[in-house]
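FYI, it's all coordinate maths here, none of it is from the lab. Just so it is clear, the model here is predicted, and its values are computed rather than measured. Positions of Cβ are generated from backbone atoms using ideal geometry, with glycine treated the same way; all protein chains shown enter the neighbour counts.
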Amino acid sequence: MTSPLWPFQTSAHDIELTGAEGAWLHLKSGQRVLDACGGAIVTNIGHGRAEVGAAAARAMTRASYVLPPFITEERTALVEMLRRDWLPAHLPRAFFAAGGSEANDAAIRMARYYQIARGQPRRTKILSRTISYHGTTMATLALSGHPARRRGMEPYLMEVPKAPTPYPLRFRPGPDGAGCGEAAARALEELILAEGPETISAFIGEPVIGASGGAIVPPDDYWPAVARILKRHDILFIADEVMTSFGRTGKRFAVEHWGVEPDILVSGKGLTGGYAPLCGVFTREEIAAALERSGQAMMYYTYGAASGACGAALAVLDILHKEDLVARSAEMGASLMTSLSRRLGQHPHVAEIRGKGLLIGLEIVADRTSLAPFPAEAGVQARILRNIFRSGAMVYAAGNGDVRDCLLLGPPFILTSSEADGLVEAIATGIDKGIGEIAR
């Protein structure tokens with residue numbers, strides 16, 4: 001039956017939920033489905049934690065709406081908790097938005113204001129990468145290397161210079177013998193020099209590529225090299241961790257895997273685990289102080305740091321901390337990766353199983369030797385996702401139009417071993433049945 005309530009996503013019209021608990025979605029049809037992608041890689045502590053709802057209700061009852069610049073008990077407590085338990089020491093200042101697109105938009109505004117405040121107004125450009133996704137506002141969509149989501153919007157999008165994204169699976173060494181990470185970092189510096197370092201405000205990148213590439217992890221030498229290049233040319237580094245922050249990759253923040261220190265870190269989904277809309281933009285003291293000295297205010301978003309969202313975030317972060325769920329993300333991620341590799345590592349249509357923590361991607365191909373993809377018109381990704389769903393699990397469709405047919409996993413950190421085993425079998429069944437439909 002087609003519902004008239006959500007007219008812009010026709011492919012999901014027949015999915016109706018009655019509730020969710022733990023790692024499971026309960027459908028009106030009576031089926032129980034494992035939420036193996038945490039919705040949109042959002043749900044980290046699982047569904048149905050009553051204490052989170054209670055905390056949000058207390059905050060909303062105390063003050064239903066307070067202008068974002070004002071101080072409240074929940075806002076003070078949240079910033080204090082973030083500084084004490086979560087944030088890198090060099091990022092003590094916080095700005096809040098309701099969604100990841102807003103938060104990335106705020107980050108590039110912050111970078112621009114900073115350049116003006118320090119007397120470098122010519123630094124207007126933001127650099128990004130070819131395989132990337134930073135949001136759906138016109139500015140963040142312009143930053144994104146995601147042809148499928150940009151399609152039709154090109155006339156409205158500003159020009160953004162894009163450096164190559166390191167993509168180890170499909171990397172082919174050039175005549176100089178440089179490895180994937182080194183080659184991509186070198187290409188970034190060449191782009192900087194071509195554009196003129198004195199015209200560049202910031203570079204934005206996802207430490208691990210999410211929606212646009214299906215958990216593409218760069219070689220270990222890439223991010224340290226990028227950090228050195230940006231510092232050499234006095235360019236701000238914005239880490240887009242909307243998807244990876246607060247434990248998703250088995251660290252508090254994904255940049256910790258490589259020991260790099262961004263100037264601005266954008267967090268999102270994991271801050272409230274899906275219980276309320278809230279994202280954080282965290283920055284260095286000197287950036288915030290420069291804005292303050294110049295008299296430049298960061299215009300707030302109406303629902304940035306909303307009362308209920310701050311209450312929910314406090315409860316979610318407390319659960320993550322007390323139950324040691326970041327460590328569990330690392331442990332369960334390693335276990336799930338091992339199980340997937342054992343079951344599907346030699347599958348003729350699985351080119352790669354990759355990721356960190358509980359952010360894991362599988363890239364599906366027609367031929368794993370040549371890495372040739374299935375024809376786009378075959379719709380193999382949709383067929384596989386549909387059959388995985390019928391087998392009792394929901395996974396996320398990843399890829400940017402150029403990168404195709406990736407499956408992205410991002411289950412709650414509370415995933416059990418038996419649930420993980422069932423997920424592996426559902427994925428294996430879905431891949432075989434989905435590809436089998438093409439052969440018929």
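Can you give me the span-like helices of the chain, meaning DSSP H runs with 20 Å or more of Cα extent along the axis and Kyte-Doolittle mean at or above 0.5? Numbers along the way, then the final one.
Details: long enough: 100-117 (25 Å, -0.38); 180-195 (23 Å, 0.53); 307-322 (23 Å, 1.10); 325-344 (27 Å, 0.36); 417-439 (34 Å, 0.34).
Span-like helices here: 180-195, 307-322.
Sorted from fewest to most neighbouring beta carbons within 10 Å, what does the list H347, H146 look like? Walk me through the numbers on the way to the answer.
Values: H347 17, H146 24.
Taking fewest neighbouring Cβ atoms as first place, the list is H347, H146.
Write down the Å³ per residue value for the convex hull defined by the alpha carbon atoms of segment 278-398. It would help to have the intermediate numbers written out before the result.
Details: hull volume 27.6 nm³, N = 121.
It comes to 228 Å³ per residue, whole-number rounded.
Counting just the Cα atoms, what span does segment 117-201 cover along each of its three principal axes? Round to the nearest Å and put the largest first.
Computed over the Cα atoms, the extents are 39, 36, 17 Å.
As a test, work out the antiparallel percent of DSSP beta bridges whose residues both lie in segment 50-323, rounded to the nearest 5. Please list the in-between numbers first.
Numbers: 9 of 22 bridges.
Bridges in segment 50-323 that DSSP calls antiparallel: roughly 40 percent.
Which number gives the lysine pairs in the chain that have C-alpha atoms under 29 Å apart and are eight or more places apart or on different chains?
Lysine pair count for the chain: 19.
Pick out, in residue order, every one of the GluC sites (Glu not before Pro) in segment 234-299 that is DSSP loop and has at most 14 other C-beta atoms within 10 Å; say none if there are none. Let's see the in-between values first.
Working: sites: E241, E256, E285, E286, E292; in loops: none.
In loop regions of segment 234-299 (DSSP not H, G, I, E or B), there are no sparsely surrounded GluC sites (Glu not before Pro).
Using a Gaussian network model on the chain with a 10 Å cutoff between Cα atoms, which of R284, R118, R328 fluctuates the most?
Among R284, R118, R328, the largest mean-square fluctuation in the Gaussian network model of the chain belongs to R118.
Please order T249, T43 by the number of other Cβ within 10 Å, starting at the fewest. Before the final figure, lay out each step's value.
Numbers: T249 29, T43 25.
Least crowded to most crowded, the residues run T43, T249.
Rounded to the nearest 0.05, what FRET efficiency do E261 and H26 have when you use their Cβ-Cβ distance and R0 = 45 Å?
Working: r = 43 Å, r/R0 = 0.95.
Computed FRET efficiency for E261 and H26 comes out at 0.55.
Using the Cα gyration tensor of segment 156-308, with a ≥ b ≥ c the square roots of its eigenvalues, what is the shape: rounded (a/c below 1.5), prolate (a/b larger than b/c) or oblate (neither)?
Working: a/c = 2.07, a/b = 1.35, b/c = 1.54.
The shape class here is oblate.
Relative contact order for the chain: what percent, with Cα pairs under 8 Å and sequence separation of 6 or more?
It rounds to 22 percent for the chain.
Any idea how far the Cα center of segment 351-373 sits from the one of segment 35-82, in Å?
Segment 351-373 and segment 35-82 have Cα centres separated by 35 Å.
So how do M110, M299 line up by other beta-carbon neighbours within 10 Å, fewest first?
On the way: M110 26, M299 10.
Lowest to highest Cβ neighbour count: M299, M110.
Across all directions of projection, what mean area in square nanometres is found for the Cα convex hull of segment 268-332?
Values: hull surface 23.1 nm².
Taking the Cα atoms of segment 268-332, their convex hull projects to 5.8 nm² on average.
With just the Cα atoms defining each centre, how far is segment 191-214 from segment 268-315? Give it in Å.
Taking the Cα centre of each part, segment 191-214 and segment 268-315 sit 23 Å apart.
Determine the gain in length on full extension of the stretch R368-R109; use 0.36 nm per residue of separation and subtract their C-alpha separation, reporting nm with one decimal.
Working: separation 259, 0.36 × 259 = 93.24 nm, distance 4.29 nm.
Additional length available on full extension: 88.9 nm.
At R0 = 60 Å, how high is the FRET efficiency between T199 and R62 if r is their beta carbon distance? Nearest 0.05 is fine.
0.80
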